[in-house]
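Single-structure report; data block below.
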Amino acid sequence: MNCKINQNISKKENLIAKDAAKAHIEPDSVKIPAVAESAPLGVVLEKIQSAPGGVLRVICDGDDDNACGGIITKDTIISTCAGLFPQLQESTELTIVCPAGHYSASSIAHAVEDADAHLLNLNVTQGTLPNSATTVEIRVNHSRGSMVARSLMRYGYETIAMRSSSADPFDETTVQRANALLHLLDV
């Protein structure tokens, strides 16, 4: 999470002061937990969760006096994460599982493309240890997630959960009900 600000010092100090004022803290306060500017997002999320007031100081890499290079608040983390997963009109989130050693991001992407969809997000959430099943969360730009799930099944991935941003007009329940109605009407 490289958040180096390449601006002149007075402008940088002004930005730090504004963020600190929003968080009601002193920018150089040592009581506030700190994180290095190069810390990965996962580390920042862990530290900010337990930080009092949901505020972290950012320490510039290579700075021996631990001077504050900025402030991170829970609000800035939320807006950053929201930017990673923008809202779309039609999208489906699928949770898929595969056996240990079978995970391949490229085969998941091929399976999604075979269903005429595009892979928007892919996150491995469990199963990074050897001999453990891998669980992956994906998001695709297709409202009919059942088509993507069938394609993933052909590639050896089991879909264990599916959430769509819009109702699938041809989901299995709807098709079953339409077939039952047609049977009653003898059409």
The lone exception for residue 138 - which of (1) at pLDDT below 90; (2) in contact with a helix residue (DSSP H, G or I) (Cβ under 9 Å, 6 or more places away or on another chain) it fails:
(1)
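So that you can scan it fast, the table gives a plain yes or no per residue for (1) more than 25 Å from residue 82 (Cα to Cα); (2) over 24 Å from the mean Cα position of the chain (by Cα); (3) of a type in the set (Lys, Arg):
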site: 116; (1), (2), (3): yes, no, no
site: 125; (1), (2), (3): no, no, no
site: 142; (1), (2), (3): no, no, no
site: 152; (1), (2), (3): yes, no, no
site: 163; (1), (2), (3): no, no, yes
site: 174; (1), (2), (3): yes, yes, no
Any hit, segment 48-57, residues being among the aliphatic types (A, V, I, L, M), in a helix (DSSP H, G or I), open to solvent by less than 70 Å² (accessible area, probe 1.4 Å) and at pLDDT 85 or above
yes
Those residues that are at pLDDT 90 or above and among the aliphatic types (A, V, I, L, M), I need them from segment 90-118; list them, please.
94, 96, 97, 105, 108, 109, 111, 112, 115, 117
Does residue 129 satisfy the criteria of being within 16 Å of the chain's Cα centre (by Cα) and closer than 25 Å to residue 41 by Cα?
no
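The values are calculated or read from the model by the stated rules, or taken from the named source; none is laboratory data. Note that the coordinates shown come from a computational prediction; the quantities given were computed from them, not determined experimentally. Quick reminder, even Gly has a Cβ in these numbers, built from the backbone with ideal geometry, and neighbours come from all protein chains shown. Side chains are part of the model used for accessible areas, which takes the heavy atoms of the whole protein and leaves out ligands, DNA and RNA. Shrake-Rupley method; radii C 1.70, N 1.55, O 1.52, S 1.80 Å.
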